[in-house]
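What follows is a single structure, written as structure tokens, with notes after it.
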Amino acid sequence: MKRKLLFLFAAWLATVVLMALQKPIFLLYYNELAAPYTWVDYWAVVRHGLLLDSTVAGYLTALPILFTLVVSWTGISERVGRSIVKGYYGLMAVVAAVLFAVDLGLYGYWGFRLDSTILIYLADPKGAMASIDLPLFLKQSAFAIGYGALLVWGWMLVAKLFDGSRLAWRKALAFTPILLLVMGLDFLAIRGGVGTSVANVSKVCFSSELFLNHAATNPIFSFLSTIGKQENYAEEYPFYEAEELAERFAAIRGNRPDTQPATKLLKVERPNILFVLLEGFGSTVMEAQEEGQAIAPNLLRYREEGIYFENLYANSFRTDRGQVAVLSGFPAQTRISLMKLTPKCLELPSIARSLGREGYRTHFTYGGDINFTNQSSYMYATGWQELYWQQDMSFDAPTSKWGYDDRVVGEAVAEEVIRSSKSEEPFLAGWLTLSSHEPFVVPYAKFEEKIANAFAFTDDCIGSLVERLRESEAWEKLLIVLVPDHGMGNFRKGAWSETEVHRIPMIWLGGAIKEPTNVAAYGSQIDIAATLLAQLGIDHSDFDYSKDLLDPALPKFGYYTYNEGFVVVDEAQESGWDAKSNRTTEGASEEQIALGRTLLQTTYEDIARR
């Protein structure tokens, strides 16, 4: 039994080491890009990359574990058994070496690690080969042979440890649970741990330097994890021909040439900014009561004290989609999440990137696992320089399923804002709350109904944050933007297709605002970027979809998507379309349906081009 376990452990460990060796090879291959970094950075690449290396090792060790389980009961000759193991690893060596060599060659052109995008080009082998010159082909072939030989050498040593002997039935019976435990551990390696987020490319992202994050990524995992996910996005919603679509979009795009100066709501030209994304805190929650009391008394008070955008709509029903809509001004999709399509996020505009160009330092905080849904990869790719999340925190407080609660994290955010405000360098700070998320377990007891109680807790935490900042010197030059990532569909049993569920508050507070104001213009999360940047006098022409809600020349409407449809809403009415039934809502406006179809089709064609 010991020999069998030694074989399995050696198989997994050897694979981790062989995968980890890809990192220094990649850094040497792209030595010019790696030149600005130190040995500390190189070691960080290897260390952070180990997580996905172990995931790949888990996949490749799964069959040897099953094979070992079978032969423990049946037995197999040593020669035949080792030949099977050698054949398996020989095949895996060829596949892994080819994928790595192709990835090395393509990275310089694509700027991201290998994924299933390559399958689009392999559908036309002749055309694909026409794009490859002979020197590059020979060079990458040499790399494939060299790395393949290294893999074969390592795995053949492992194969020599294989033990094909049959165990006596009592020993086999005792050994089987041990192998089942090994299977469980292997599954954990494949899953990427026991946390809420499974293994994904974002797990290895650790730096604001994209090259280092790319260097840490295992290209075999990157490729395999996207198999089956490649879609022809451009043909997803073919409502209009190209010329008509372009004409229709030109009339509603945010960066139209006929834009006009907006009314100024701020008295500070370059304020420090704190963006607080409130988990699920839709207007239906903010305005609700429980046991005769307001659930969110602080938000209700702040909407009277600050600038309140009263007709704003979340673009989706998920955090990953809402976050991209808010921070990048990019419309949410129906059945996909752009945040999870890492390469397509690289050139997205973003508030962080725009402010970074103006000298702002950018810093984002989340009390949970920021790798969930590839969030960290998206954040780094779109200009956030520093990410502070659960693994960086060591609060003397318990954690929930999602991480540290909003009380302890809110206090840390307040301290960071106060500390940063003492510098002459302006800053953009961000915080995504998490306590108002299922299972809604919080260290608070205001209401018996747990959902209402969880939101009351987050509101109380926001109140503490705002008042702490109000009492500090940071307040004078500070703009606080409070806006949810999405509404709350399971509060009072609303459906995700309902407009009221998507209505969200946006409140601007701080010493940087001139006076309390209500903004009645209809809009959605994608309009926040242009509205904010226009107030700062910063160019936002790279935001195609984002409209300045204070610009009188632009059309005002809210737009959101759900699983299989969209809704457009303005001051006159709302109109929706459901893809499954291909029906519009009763009394729908043809003009609004055409607007929604234009945005939906343009969004998907835009994704296809990226």
- prompt: Do you know which residues across segment 19-29 are surrounded by fewer than 22 Cβ atoms within 10 Å (Cβ to Cβ) and either within 23 Å of residue 175 (Cβ to Cβ) or hydrophobic (A, V, I, L, M, F, W, C) (or both)?
  reply: 20, 21, 25, 27, 28
- prompt: Here are some conditions: (1) in contact with a Gly (Cβ under 8 Å, 6 or more places away or on another chain); (2) part of a loop (DSSP other than H, G, I, E, B); (3) surrounded by fewer than 17 Cβ atoms within 10 Å (Cβ to Cβ). Residue 552 meets all but one. Which one does it not meet?
  reply: (1)
- request: Determine whether residue 528 is in contact with a helix residue (DSSP H, G or I) (Cβ under 8 Å, 6 or more places away or on another chain) and outside any strand (DSSP E or B).
  value: yes
- request: May I ask you to list the residues in segment 131-176 that are in a loop (DSSP other than H, G, I, E, B), open to solvent by 80 Å² or more (accessible area, probe 1.4 Å) and either in contact (Cβ under 8 Å) with a residue 24 or more places away in the chain or within 18 Å of residue 14 (Cβ to Cβ) (or both)?
  value: 160, 166
- prompt: What residue, among those in segment 354-382 that are open to solvent by 10 Å² or more (accessible area, probe 1.4 Å) and part of a loop (DSSP other than H, G, I, E, B), is modelled with the lowest pLDDT?
  reply: 369
message: Pull out all pairs, ordered by first then second residue, where Cβ-Cβ is under 6 Å, the residues are six or more apart or on different chains, the first lies in segment 496-517 and is closer than 18 Å to residue 533 by Cβ, and the second is of a type in the set (D, E, K, R) and open to solvent by less than 10 Å² (accessible area, probe 1.4 Å).
response: none
- prompt: Among the numbered criteria (1) in a helix (DSSP H, G or I); (2) modelled with pLDDT of 70 or more; (3) open to solvent by less than 70 Å² (accessible area, probe 1.4 Å), which single criterion is violated by residue 127?
  reply: (2)
message: Criterion first (assigned to a helix (DSSP H, G or I) and modelled with pLDDT under 95) does residue 4 satisfy it?
response: yes
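Matching residues to (1) aromatic (Phe, Trp, Tyr); (2) within 21 Å of residue 519 (Cα to Cα); (3) in a helix (DSSP H, G or I):
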| site | (1), (2), (3) |
| --- | --- |
| 304 | no, yes, yes |
| 311 | no, yes, no |
| 317 | yes, no, no |
| 324 | no, no, yes |
| 332 | no, no, no |
| 336 | no, no, no |
| 339 | no, no, yes |
| 347 | no, no, no |
message: Just to verify a result, which residue in segment 390-422, among those that are of a type in the set (S, T, N, Q) and open to solvent by 60 Å² or more (accessible area, probe 1.4 Å), is farthest from residue 359 (Cα to Cα)?
response: 399
task: Could you pull out the residue among 226, 259 that is at negative phi, open to solvent by 40 Å² or more (accessible area, probe 1.4 Å) and of a type in the set (Ser, Thr, Tyr)?
output: 259
query: Restricting attention to segment 566-595, which residues are at positive phi and modelled with pLDDT under 90?
result: 582
- prompt: Quick check: is even one residue across segment 292-302 assigned to a loop (DSSP other than H, G, I, E, B), without any contact (Cβ under 8 Å) to a residue 40 or more places away in the chain and open to solvent by 10 Å² or more (accessible area, probe 1.4 Å)?
  reply: yes
task: Examine segment 50-61 for a residue that is open to solvent by less than 40 Å² (accessible area, probe 1.4 Å), over 26 Å from the mean Cα position of the chain (by Cα) and at pLDDT 95 or above, and state whether such a residue exists.
output: yes
- prompt: Given the structure, is residue 448 assigned to a loop (DSSP other than H, G, I, E, B) and open to solvent by 10 Å² or more (accessible area, probe 1.4 Å)?
  reply: yes
query: Based on what the data block shows, is residue 587 within 22 Å of residue 244 (Cα to Cα), of a type outside the set (Lys, Arg) and either surrounded by fewer than 16 Cβ atoms within 10 Å (Cβ to Cβ) or within 30 Å of the chain's Cα centre (by Cα) (or both)?
result: no
message: Among the residues in segment 206-218, are any in contact with a Ser or Thr (Cβ under 7 Å, 6 or more places away or on another chain), more than 23 Å from residue 322 (Cα to Cα) and open to solvent by 30 Å² or more (accessible area, probe 1.4 Å)?
response: no
message: Give all pairs with beta carbons closer than 6 Å in which a residue from segment 180-207 that is of a type in the set (Phe, Trp, Tyr) meets a residue that is buried (at least 16 other Cβ atoms within 10 Å of the Cβ); count only pairs at least 6 apart in sequence or on separate chains.
response: 206/48
- prompt: Here are some residues: 545, 604, 559. Which one is assigned to a helix (DSSP H, G or I), within 21 Å of residue 318 (Cβ to Cβ) and touching a helix residue (DSSP H, G or I) at 6+ places or on another chain (Cβ under 7 Å)?
  reply: 604
statement: So, first residue under 16 Å from residue 60 (Cα atoms) in segment 86-109, second residue outside any helix (DSSP H, G or I), Cβ within less than 7 Å, six or more apart or across chains; the pairs are 99/114
statement: Every listed condition ((1) among the charged types (D, E, K, R); (2) in contact with a helix residue (DSSP H, G or I) (Cβ under 8 Å, 6 or more places away or on another chain); (3) assigned to a helix (DSSP H, G or I); (4) at pLDDT 90 or above) holds for residue 243 save (2)
- prompt: Among all residue pairs at least 6 apart or on different chains, which show Cβ distances below 7 Å where the first residue, located in segment 32-44, is outside any loop (DSSP other than H, G, I, E, B) and the second is crowded, with 17+ Cβ neighbours inside 10 Å and at pLDDT 95 or above?
  reply: 34/27; 42/27
query: For segment 309-353, what are the residues that are at pLDDT 95 or above, open to solvent by 10 Å² or more (accessible area, probe 1.4 Å) and within 16 Å of residue 599 (Cβ to Cβ)?
result: 313
query: Checking residue 442 against (1) without any contact (Cβ under 8 Å) to a residue 40 or more places away in the chain; (2) open to solvent by 20 Å² or more (accessible area, probe 1.4 Å); (3) touching a Phe, Trp or Tyr at 6+ places or on another chain (Cβ under 7 Å), which single condition isn't satisfied?
result: (1)
- line: Within segment 590-610, restricting to residues that are more than 23 Å from residue 345 (Cβ to Cβ) and surrounded by fewer than 22 Cβ atoms within 10 Å (Cβ to Cβ), the one that is nearest to the chain's Cα centre (by Cα) is 597
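The values are calculated or read from the model by the stated rules, or taken from the named source; none is laboratory data. Quick caveat, the model's predicted, so the values are computed rather than measured. Every residue, glycine as well, gets a Cβ built from its backbone with ideal geometry; the counts of neighbours run over all protein chains shown. The area values use the complete protein model at the heavy-atom level, side chains included, leaving out ligands, DNA and RNA. Shrake-Rupley method; radii C 1.70, N 1.55, O 1.52, S 1.80 Å.
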